[in-house]
Amino acid sequence: MKRILLAAGLAVTATLATAEDTSVTYVVDQSYDDVTFSIESAITDKGLVIDAVNHVGEMLERTKGDVGSDVTIFLNAEVYNFCSAKVSRQVMEADPMNLQFCPYGIFVMQLPGSPDQTTVGYRVMPEGPMKAVQAMLDEIVQEAISE
């Protein structure tokens, strides 16, 4: 399901999750650098620490010839990994197997066919306690794309 939202005067296309979907994504008419800066700020403004930034786009571009490809998948693509002691404790006290979802990730990408748009999103979490994590992720993304 797609919806067009207006956030702070910016057009935002949101792909909201259905039962078959694995991620929630938002496409914004903002530069990649602006979105990544806003994501980093939104995460750290919540007192969270970014454990890692995975430079997936750079890795795929650098290694495409090594694996016999000439396809550029992303102009830019990174995944921000972080955890929340409060939310993690809440969901893991409910079920220790929720450990498998930590750290949490928010991805940001820019596709070759849409260089003026940036996509930001996160994985859909399972029903139950993990929806608290999904709510936190959506709050971070919403804060970042509304700036």
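Each value in this text was obtained by applying a stated rule to the coordinates, not by laboratory testing. Remember, it's a predicted structure, so these values are computed and weren't measured experimentally. Heads up, the Cβs are rebuilt from the backbone with ideal geometry, glycines too, and the neighbour counts pull from every protein chain shown.
The residue list Met97, Leu111, Phe37 was ranked by how far each Cα lies along the charge dipole of the range 2-145 toward its positive end, using unit charges on Cβ atoms, and Met97 comes out on top.
Can you sort Lys86, Lys46 so the residue with the fewest Cβ neighbours within 10 Å comes first?
Details: Lys86 12, Lys46 15.
Ascending number of Cβ neighbours within 10 Å: Lys86, Lys46.
Could you give the angle, 0 to 90 degrees to the nearest 10, between helix 131-145's Cα long axis and the longest principal axis of the Cα atoms of the chain? Once rounded, one gets 40 degrees. Taking one quarter of the surface of the C-alpha convex hull of the chain gives a mean projected area of 9.6 nm². Projecting the Cα atoms of Val53, Val27, Gln134 onto the dipole axis of the range 2-145, where Lys and Arg carry +1 and Asp and Glu carry -1 at the beta carbon, places Gln134 farthest toward the positive end. Among the lysines of the chain, pairs that are 8 or more positions apart or on different chains and have alpha carbons within less than 24 Å of each other number 4. Fewest neighbouring Cβ atoms within 10 Å first, the residues Val28, Val56, Val124 line up as Val56, Val124, Val28. Assuming charge only on the beta carbon of Lys and Arg (+1) and of Asp and Glu (-1), the dipole of the chain about its Cα centre is about 340 debye to the nearest 20.
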